[in-house]
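Enquirer: I have a structure here, written as structure tokens, and I will follow up with some questions on it.
Bear in mind these aren't lab numbers, they're just calculated from the coordinates by the rules spelled out. All values derive from a computational prediction rather than experimental measurement.
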């Protein structure tokens, strides 16, 4: 499978502070890739570079084989970007916003926008100034989806949306991936992301600390709970990211080596994405990973 997004040794700093530190990343076409990390980890900076809104200090990035800065005009109709805090003309109605944006896209955009608004239960007659945070986010999503992009760059797109709208939207991302489109999404709703993402990228301090398919991540990051000490050397299997004791029981969260083969009898079990996030970023702060 070819890669829709390719990033090599990407670096970006602001006023001497490093925001991205030698980032390497490949996102296969037709996948939903979740970019996870704390605020200030570098997620939004990476999104802006991919959207062609900023230039990196060094390194390279490409979407659909094109440089997002130099090839911006060619990518405009193929890549949609939803910022964490989108800004529109608040005096316009939702319908006016779709009409205005249609001037930048081929025929059919406005009709697609209206269909997406209906699906998101968004009242087209309401002025943007009267919308809630969730309603405002829906407008940004409707504009992005109406253009029928090959790549979607979504920076916290479900912030402010109600539970059912978030679930419906994220399920729609899986459908888009099934059509061969690629989604790069940054989100703090880990439980929901876990259900839809095929690739998980953890980023901290501007560096990618782990990049795996969801299936491989569940295989590699596991819990071991046993009475006393384990019957084998954990260091030969992976790194201990967390260790604790509960009476006669001991528990380890282990990041298994890529090639480690472990018998199921050893008692390893997968953990959820939320615990993965907590353990990995906590371990990063302690320089374990």
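Enquirer: Report, to the nearest 10°, how far helix 163-178 tilts away from the longest principal axis of the Cα atoms in the chain, using its own Cα long axis and a range of 0 to 90°.
Expert: The two axes meet at around 90 degrees.
Enquirer: Another one. What is the helix-to-structure angle for 109-119, meaning the angle in degrees between its Cα long axis and the longest Cα principal axis of the chain, kept from 0 to 90 and rounded to the nearest 10?
Expert: 60 degrees
Enquirer: Classify region 113-219 as rounded, prolate or oblate, taking a ≥ b ≥ c as the square roots of the eigenvalues of its Cα gyration tensor: rounded when a/c is under 1.5, otherwise prolate if a/b is larger than b/c and oblate if not. Let's see the in-between values first.
Expert: Values: a/c = 2.22, a/b = 1.79, b/c = 1.24.
Taking the square roots of the gyration eigenvalues as a ≥ b ≥ c, region 113-219 is prolate.
Enquirer: Rounded if a/c is under 1.5, else prolate if a/b beats b/c, else oblate: with a ≥ b ≥ c from the C-alpha gyration tensor eigenvalues square-rooted, which is region 46-161?
Expert: Prolate.
Enquirer: After finding the eigenvalues of the alpha carbon gyration tensor for region 3-205, what semi-axes result from the square roots of 5 times each, listed largest first in whole Å?
Expert: That gives 27, 18, 17 Å for the three semi-axes.
Enquirer: How far is helix 133-146 tilted off the main Cα axis of the chain, in degrees rounded to 10, range 0 to 90?
Expert: 80 degrees
Enquirer: Counting DSSP beta bridges in region 3-205, what percent are antiparallel, to the nearest 5?
Expert: Numbers: 15 of 32 bridges.
Within region 3-205, antiparallel bridges account for around 45 percent of the total.
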